[in-house]
1. If a residue must be closer than 21 Å to ALA326 by Cβ, among the polar types (S, T, N, Q) and surrounded by fewer than 17 Cβ atoms within 10 Å (Cβ to Cβ), how many such residues does segment 1-47 contain?
2. Working only within segment 310-342, note down all residues that are in contact (Cβ under 8 Å) with a residue 12 or more places away in the chain and over 25 Å from the mean Cα position of the chain (by Cα).
3. Hey, does segment 166-175 have a residue that's modelled with pLDDT under 90, in a loop (DSSP other than H, G, I, E, B) and either buried (at least 18 other Cβ atoms within 10 Å of the Cβ) or of a type in the set (Lys, Arg) (or both)?
4. Among the numbered criteria (1) surrounded by 18 or more Cβ atoms within 10 Å (Cβ to Cβ); (2) farther than 25 Å from LEU324 by Cα; (3) of a type in the set (Lys, Arg), which one does LYS56 miss?
5. Could you tell me whether any residue of segment 276-285 is surrounded by 18 or more Cβ atoms within 10 Å (Cβ to Cβ), part of a helix (DSSP H, G or I) and in contact (Cβ under 8 Å) with a residue 60 or more places away in the chain?
6. For segment 277-298, give me each residue that is among the polar types (S, T, N, Q) and within 15 Å of the chain's Cα centre (by Cα).
7. Among the candidates LEU255, LEU239, LEU198, single out the residue that is surrounded by fewer than 19 Cβ atoms within 10 Å (Cβ to Cβ) and more than 23 Å from SER160 (Cβ to Cβ).
8. For segment 319-347, give me each residue that is outside any loop (DSSP other than H, G, I, E, B) and among the charged types (D, E, K, R).
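The values are calculated or read from the model by the stated rules, or taken from the named source; none is laboratory data. The structure presented is a predicted model; accordingly, all values stated were derived computationally and were not measured. Cβ sites come from the backbone with ideal geometry, for glycine too, and all protein chains shown count toward neighbours.
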Amino acid sequence: MNQSLFNKYKSFSSKDFAADDDFVRYVCHPTEAESLFWETFCYVFPEKSRDVREAKLLIQALQPDHSEMFPTEVESLWNDLSTKQDEIFSSRQIEDIFQPAIVKKSFFMASVLMLSCLSGVFLVHLLKKEEIYEYKTGFEQVATLLLPDSSKVILNANSSIKLWTSGWLNETREMTLKGEAHFNINKLTSSGMYHKLLVHTNSGTIEVTGTIFNVFSRGSKTKVYLKEGGIKLNHLPDLPVILMHPGDYIQYDVLDKTISKNKVAPEKIDSWTLNKVVFDKTPFSDVLSHLKDIHGLDAVLKNKSLVDKSFTGILPADDLDLLLKALEEAFDINISIKDNTLLINLK
């Protein structure tokens, strides 16, 4: 092995590796000799393994043309990011199953009517039981929730849901959502009957009957992506009922009263459930919103021209440091954190 190269790289940081032309070429189009060199380097200098891995992720995340990457590289990247999927989620989850808080309400709907006169047929007082489940996640926390009917909800960071039953014999489930959640809803009850779910957001109601979908609801904005099944959007301000089909992605803003409907790839919407965050020509202002929503970080932007720029990259959802480094490299800026606030300056 080339000892002079070993000496050159042993003092490199992750940023130094990411800026080195030879290292970039190795990451994008590795040869057998280069792979052997870097395996040996990490064996000789194990303390540099994290810097090498971080630089590799940074280069791959900012790769302008992902089609140039070999499929095996992409697969290897996300195998690395998933290092034991259970471990990644366990570090981000709080509880897999939440316990219900049960609120009982009872009232008499009728009196006992002439039991002896009805040949043994009688009416009893009906007890109406309403179960209320509430769950919240903090910043940088993701939780997988199992609902009473075995439906599954993955709740993103800084989000909350409240679930209850309503209607005659509690046949309807209702839920309020603040934040973002990915739903995999059972279509049938335990008794084999169909029932529906109403998801109330800040700007309308989603009516569901057995489906897989993702809902983002923060501030005045709501974004709904339907992967499987069928849902309809009700009670949108000044809009009719909207039926959604698999692959539909609808965004609407109650303040601006704007709405759009597109077809998108699911990995761009629900990647966060796999511990990935995907930016695809995303406005810098939306990137800052992501940092506030998920990591609880405000931002002080000295140069307003950055707002008009866009960012493309695929990064681990739970690695804030790597995301900030990627932004620094992409926009040639310096980012520091003080009192939960990002201070952003041009270099």
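1. Total satisfying the criteria: 1.
2. If the condition is that a residue be in contact (Cβ under 8 Å) with a residue 12 or more places away in the chain and over 25 Å from the mean Cα position of the chain (by Cα), then ASP332, ILE333, ASN334 are the ones that fit.
3. no
4. Status for LYS56: all satisfied but (2).
5. no
6. We begin by selecting, within segment 277-298, every residue among the polar types (S, T, N, Q); these are 282, 285, 289.
The one that is among the polar types (S, T, N, Q) and within 15 Å of the chain's Cα centre (by Cα): SER289.
7. Values: LEU255 fails: more than 23 Å from SER160 (Cβ to Cβ); LEU198 fails: more than 23 Å from SER160 (Cβ to Cβ).
Among LEU255, LEU239, LEU198, only LEU239 is surrounded by fewer than 19 Cβ atoms within 10 Å (Cβ to Cβ) and more than 23 Å from SER160 (Cβ to Cβ).
8. If we filter segment 319-347 for residues that are outside any loop (DSSP other than H, G, I, E, B), which is where we start, we get 320-331, 333-338, 341-346.
Hits for segment 319-347 are ASP321, LYS325, GLU328, GLU329, LYS338.
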